[in-house]
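*Asks:* My questions will all concern the structure given below.
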Amino acid sequence: MKIIKFNQFILEEFEQVINDTPESYVDMLLIKLKRSIDKMFEYQDESLEDDNMTVKKAKLNSKGKKDHPTFKEFNLRLDSSEVSTRSQLDDNLTVKFSDDENTYNLLISINTKNALPTDLTKDFSTDDIKQCYIKFKKYDLDTFEVIGQITKNTDPNQIDEEFIINLKIELDEEFGDEEEFKIETE
């Protein structure tokens, strides 16, 4: 057993970096994501002059632009967004939005083990959380049956409007029921 002086003990304790709990970092990141996603739907207050945008129309419109398609072009409406921090291991952000034909459910789940600092000599922030689990579901608006689902692990700092639209396009292409109108000639 090593005996040390009280002053030395206090200095050693202060040399260690003191961080918040992993749960608080996860909560802060989910709240940050919620605010960011809510801001993406702020166009809803404005009047929509364009009718519902299909995947093909959005791709054609975006080819001439450097920008990516927006929620407004797809006529997406935010139904709800809620942060749930009741679980001991995973905290979640659930975002529900819809268009004229379908409704979508985006679940972003972050495990508290992903919010543990790896280097105690550096300050830890929500930007240091590098992994989250995403479950994105598409439902029929009339029957509320699940049409399709995509699950991914990704960096939560990569989640933005373009990321969510790409998820929607991927889901629509994989599980979509949009048929192209073709005229057959002999």
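*Asks:* Can you work out which of the residues in segment 125-134 that are surrounded by 15 or more Cβ atoms within 10 Å (Cβ to Cβ) and part of a helix (DSSP H, G or I) is modelled with the highest pLDDT?
*Replies:* So the first thing to find is which residues in segment 125-134 are surrounded by 15 or more Cβ atoms within 10 Å (Cβ to Cβ), and the list is 126, 128-129, 132-134.
Now narrow it down to the ones that are part of a helix (DSSP H, G or I): 126, 128.
Working: T126: 86, D128: 89.
Ranking the candidates gives D128 first.
*Asks:* Being farther than 15 Å from I31 by Cα and either among the aliphatic types (A, V, I, L, M) or modelled with pLDDT under 90 (or both) narrows it down to one residue among K137, K122; which is it? First the steps, then the outcome.
*Replies:* Working: K137 fails: either among the aliphatic types (A, V, I, L, M) or modelled with pLDDT under 90 (or both).
None of the others qualify; the one that does is K122.
*Asks:* Another question, if that's okay. On the basis of being touching a His at 6+ places or on another chain (Cβ under 7 Å) and surrounded by 15 or more Cβ atoms within 10 Å (Cβ to Cβ), does I165 make the cut? Working first, answer last.
*Replies:* Values: touching a His at 6+ places or on another chain (Cβ under 7 Å): yes; surrounded by 15 or more Cβ atoms within 10 Å (Cβ to Cβ): yes.
Answer is yes for this residue.
*Asks:* Give me the pairs: first residue in segment 136-154 and at negative phi and charged (D, E, K, R), second residue surrounded by 10 or more Cβ atoms within 10 Å (Cβ to Cβ) and assigned to a loop (DSSP other than H, G, I, E, B), beta-carbon distance under 9 Å, and six or more apart or on different chains, which are they?
*Replies:* K138/G176; D140/E101; D142/E101
*Asks:* Looking only at segment 35-89, count every residue that is more than 21 Å from E170 (Cβ to Cβ), modelled with pLDDT under 80 and part of a helix (DSSP H, G or I) and tell me the total.
*Replies:* Residues meeting the conditions: 3.
*Asks:* Can you find, within segment 142-186, the residue that is farthest from the chain's Cα centre (by Cα) among those that are in a loop (DSSP other than H, G, I, E, B), modelled with pLDDT of 90 or more and of a type in the set (D, E, K, R)?
*Replies:* Filtering segment 142-186 for residues that are in a loop (DSSP other than H, G, I, E, B), modelled with pLDDT of 90 or more and of a type in the set (D, E, K, R), the one farthest from the chain's Cα centre (by Cα) comes out as E145.
*Asks:* Of all residues being over 12 Å from the mean Cα position of the chain (by Cα) and hydrophobic (A, V, I, L, M, F, W, C) in segment 86-103, which is surrounded by the fewest Cβ atoms within 10 Å (Cβ to Cβ)? Just the residue, please.
*Replies:* Filtering segment 86-103 for residues that are over 12 Å from the mean Cα position of the chain (by Cα) and hydrophobic (A, V, I, L, M, F, W, C), the one surrounded by the fewest Cβ atoms within 10 Å (Cβ to Cβ) comes out as L89.
*Asks:* Give me the pairs, please: first residue somewhere in segment 82-98 and under 14 Å from K113 (Cα atoms), second residue anywhere and of a type in the set (F, W, Y) and surrounded by 12 or more Cβ atoms within 10 Å (Cβ to Cβ), beta-carbon distance under 8 Å, and either six or more positions apart or on two chains.
*Replies:* D90/Y133
*Asks:* Out of everything in segment 104-117 that is in contact with an Asp or Glu (Cβ under 8 Å, 6 or more places away or on another chain) and surrounded by fewer than 18 Cβ atoms within 10 Å (Cβ to Cβ), what residue ends up being modelled with the highest pLDDT?
*Replies:* Going through segment 104-117, the residues in contact with an Asp or Glu (Cβ under 8 Å, 6 or more places away or on another chain) turn out to be 109-112, 115, 117.
Those still in the list that are surrounded by fewer than 18 Cβ atoms within 10 Å (Cβ to Cβ) too: 111, 117.
Details: N111: 92, P117: 82.
Checked segment 104-117; the qualifying residue modelled with the highest pLDDT is N111.
The values are calculated or read from the model by the stated rules, or taken from the named source; none is laboratory data. Here the structure is a predicted model, which means the values were calculated and not measured. Cβ coordinates were reconstructed from backbone atoms using ideal geometry, including for glycine residues, and neighbour counts include every protein chain displayed.
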